[in-house]
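The values are calculated or read from the model by the stated rules, or taken from the named source; none is laboratory data. Note that this is a predicted model, so its numbers are computed, not measured. Neighbour counts are summed over all protein chains in view; Cβ atoms, including those assigned to glycine, are modelled from backbone coordinates with ideal geometry. These accessible areas exclude ligands, DNA and RNA; they are computed on the full protein's heavy atoms, side chains included. Shrake-Rupley method; radii C 1.70, N 1.55, O 1.52, S 1.80 Å.
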Amino acid sequence: MLETKNLTIRFGGHVAVDRVSCAFAPGTLTAIVGPNGAGKTTYFNLISGQLRASEGSVHLNGTDITNEAVSTRTHRGLGRAFQLTQLFPNLSVVENVRLAVQSRRKQGLNLWSVWLDQRNTLERAHALVERVKLGDRAHAAASSLPHGDQRKLEVAMLMALEPSVYMFDEPTAGMSVDDVPVILDLIRDLKSHQDKTILLVEHKMDVVRELADRIIVLHNGQLVADGEPEEVIASPVVQNAYLGIAPTAEAA
């Protein structure tokens, strides 16, 4: 469903992502891990269109989307949640989600919209708000929510877009212990849909072990490991580069 081929970006003399080739299949959750500065978020930005590649290409369902705008990629089915929340702060929780539902259905804000479609859109928005456990805050301004609830709202907006590819960049970062299970349960539910592809950047290895079908490791912008979670986590290159454990003489 999603593939990068020799994807590269340079900032001056620094190569932040270096010829990364990787394919992601439907029905799988791939965790992307690596030390700080490894290029994980930059790789995400190249895939979703926030950055333009210096070399290489991005393909979605066989179509080269390398030069397409973020909005075009979104309408093609590429959905992205960020490390920092991307909300309409002065709108209510349900209005934020309603706009995302409306965007997915390509409805305009005009007097000619069919009343039934508008009602269905609002019902869908309320259902998603309930699903992320924000029903009691549906009419509160997004800016008034604590950080954990803002992350839940962003996931609801992402789900409203009904993408075929979900990209989560540290979805539990800064969340309280009580809030984390809500997000993880939502990701588990999305994973159960075999037509969805999920990419997850995450530092918490317990989360990675629980959710991932596959782990890829970036280090200094390069893909250095790719495989099943237990195999990758146990590999010397990951023990050294990601966990900071020097390989033993036997492993070396």
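Worth a mention:
- Members of the range 53-66 that are in contact (Cβ under 8 Å) with a residue 24 or more places away in the chain and either outside any loop (DSSP other than H, G, I, E, B) or open to solvent by 80 Å² or more (accessible area, probe 1.4 Å) (or both): GLU55, GLY56, SER57, VAL58, HIS59, LEU60, ASN61
- Single unsatisfied condition, SER192 versus (1) farther than 15 Å from PHE24 by Cα; (2) in contact (Cβ under 8 Å) with a residue 40 or more places away in the chain: (2)
- Flag: LEU46 does not match the condition of being touching a helix residue (DSSP H, G or I) at 6+ places or on another chain (Cβ under 6 Å) and of a type outside the set (S, T, N, Q).
- Candidate set: the range 1-31, residues that are part of a loop (DSSP other than H, G, I, E, B) and of a type outside the set (Ser, Thr, Tyr); chosen: the one surrounded by the most Cβ atoms within 10 Å (Cβ to Cβ): MET1
- Some residue of the range 32-47 being open to solvent by less than 50 Å² (accessible area, probe 1.4 Å), at negative phi and in a strand (DSSP E or B): yes
- The residue list LEU60, LEU7, LEU29, LEU78 contains one member that is modelled with pLDDT under 95 and of a type in the set (A, V, I, L, M, F, W, C), which is LEU78.
- Hits in the range 160-211 - residues which are crowded, with 19+ Cβ neighbours inside 10 Å, in a loop (DSSP other than H, G, I, E, B) and not basic (Lys, Arg): PRO163, GLU170, PRO171, THR172, MET175, GLU202
- Positions within the range 134-153 being open to solvent by less than 10 Å² (accessible area, probe 1.4 Å), out of contact with any Lys or Arg (no Cβ under 9 Å at 6 or more places or on another chain) and part of a helix (DSSP H, G or I), in sequence order: ALA142, GLY148, ARG151
- Test: residue in the range 77-84 that is closer than 21 Å to LYS204 by Cβ, touching a Gly at 6+ places or on another chain (Cβ under 6 Å) and crowded, with 21+ Cβ neighbours inside 10 Å: no
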